[in-house]
Amino acid sequence: MAAAAPALSLAPMATTVTAAAAQKAASPKAAAGGDVRKVVPVMAAAADEVVVQELHVLAVDDSVVDRAVIAKILRSSKYRVTTVESATRALELLGLGLITNVNMIITDYWMPGMTGYELLKRVKESSELKEIPVVIMSSENVPNRINRCLEEGAEDFLLKPVRPSDVSRLCSRIR
Amino acid sequence: MDYSNLRRQIIFMKKSFFDQGYLDEQFNQLEELQDESSPNFVEEVVALFLKDSPRLLINIEQAIEKYPQDFYRLDSLVHQLKGSASSIGAVRMKNECSVLKAHGNDKNLEGCRRSLQKMKREHATLKQKLESYFQLLRQVGPRNSAVNSRK
């Protein structure tokens, strides 16, 4: 897979900031527990000027293996990724403002506790969050399930195991 | 150190995993993701799987052996194991999970037990094979391994 700039189909919000500001932005915030990691890829354009690619994806999955895989796929496409192990945790951290500037949420469908479908509904019901595109992942190809998610406002539905090509397909849909 | 010989061994080993049906295309997809920033990505993800799956196997056994059996919980656990196995390309384990799931849905206890025993054997074999594979890879080193690193 060629590590092309994600600008192929989507428009990452590239902002030019001073080196000092970029330094501040690059330091990861301490999260309130849970599996939260942030990576900000920085590309140097000139000596005292950096361009920060900031398309931020929140990935929710109860499987530690799947979190690692989806995070890697997304980071390889130059997204900044925050991973969380449950939908309740995701809503909690979003509500507390500990996860911000989310451009897309990608979530597993079937999780203990709150499902990805319920997360989708909560996001679409929230005035602050409803504009965020939500993608559902599932290992099961159940047409009713897919339709329900799409009807509820899901951006897309990916079958697991997720592949890099699935993610590039998403690129073109995300503002 | 004879790198070309080691590389041949690595390629042959990996091919045998595919030919014997232990791994599927998903494993290749993961290897494609490896780059300078994470040259050992596949080994790390497999390590995560091997660390996480024994717990699931134990819990599955408990769900089967307790009385009364908790088939709902069994289904949930097998679903989790199946998902992780599928994500690393461990197709034999994934398929055995489907069998176990079906027995669980039929409330076929004996079937569940047989399937779980088979699953444990598959898990042990997979672990041994993949650990040998990664050990070989480490001998060759990320720069010399033409098999899994991106050029």
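Rule-based calculations on the coordinates, nothing more; no lab input. Given the structure is predicted, the values throughout are model-derived calculations rather than measurements. As a convention, Cβ positions derive from the backbone with ideal geometry for all residues, glycine included, and neighbour counts pool all protein chains shown.
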Taking placed amide H atoms and a strict 5 Å upper bound, the residues 5 or more places from A:VAL81 or on another chain that come that close are A:VAL39, A:VAL57
Restricting to Cα pairs under 8 Å and 6 or more apart, the percent relative contact order of the stretch A:80-175 works out to 24 percent
Cross-link reach from B:LYS107 to aspartates and glutamates, straight Cα distance under 20 Å and at least 8 residues apart if same chain, gives B:GLU61, B:GLU65, B:ASP70, B:ASP75, B:GLU96
Checked against a 27 Å limit on the C-alpha separation, the offending pairs among B:LYS51/B:LYS129; A:LYS160/B:LYS127; A:LYS72/B:LYS82; A:LYS78/B:LYS101; B:LYS15/B:LYS94 are A:LYS78/B:LYS101
Placing each pseudo-label 7 Å from Cα in the direction of the beta carbon, B:GLU36 and A:SER127 end up separated by a distance in nanometres of 4.8 nm
Toy charge model, Lys and Arg Cβ at +1, Asp and Glu Cβ at -1: the stretch B:76-134 dipole around Cα centroid in debye, rounded to 20, equals 80 debye
The aspartates and glutamates whose Cα lies under 13 Å from the Cα of A:LYS124, excluding any fewer than 8 residues away in the same chain, are A:GLU151, A:GLU152, A:GLU155
For the stretch A:76-165 the GluC sites (Glu not before Pro) that pass both the DSSP coil test and the at-most-13 other-Cβ-within-10 Å test are A:GLU128, A:GLU131, A:GLU140
Here P(r) for chain B, Cα-Cα distances in 5 Å bins, as whole percents, is 2, 9, 19, 20, 16, 11, 9, 7, 5, 2, 1, 0
Once Lys and Arg are counted +1 and Asp and Glu -1 for all other residues with Cβ under 11 Å from that of B:LEU130, the total becomes +1
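So which trypsin sites (Lys or Arg not before Pro) in the stretch B:1-59 are both in a DSSP loop and have at most 13 other Cβ atoms within 10 Å of their Cβ? Mind showing how you got there, number by number?
Numbers: sites: B:ARG7, B:ARG8, B:LYS14, B:LYS15, B:LYS51, B:ARG55; in loops: none.
Taking the stretch B:1-59 and a limit of 13 other Cβ atoms within 10 Å, no loop trypsin sites (Lys or Arg not before Pro) are found.
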With Rh as the Kirkwood radius over Cα pairs, the stretch A:56-172 has Rg/Rh of 0.92
Once phi for every residue in the stretch B:4-9 is put through the Karplus expression 6.51 cos²θ - 1.76 cosθ + 1.60 (θ = phi - 60°), the whole-Hz ³J(HN,Hα) values, with Gly and Pro written as x, are 5, 5, 5, 4, 4, 4
Taking Lys and Arg as +1 and Asp and Glu as -1, residues besides A:GLU152 with C-beta under 14 Å from its C-beta add up to +1
Checking the stretch B:1-67 for GluC sites (Glu not before Pro) in a loop per DSSP with at most 12 other beta-carbon atoms within 10 Å yields B:GLU36
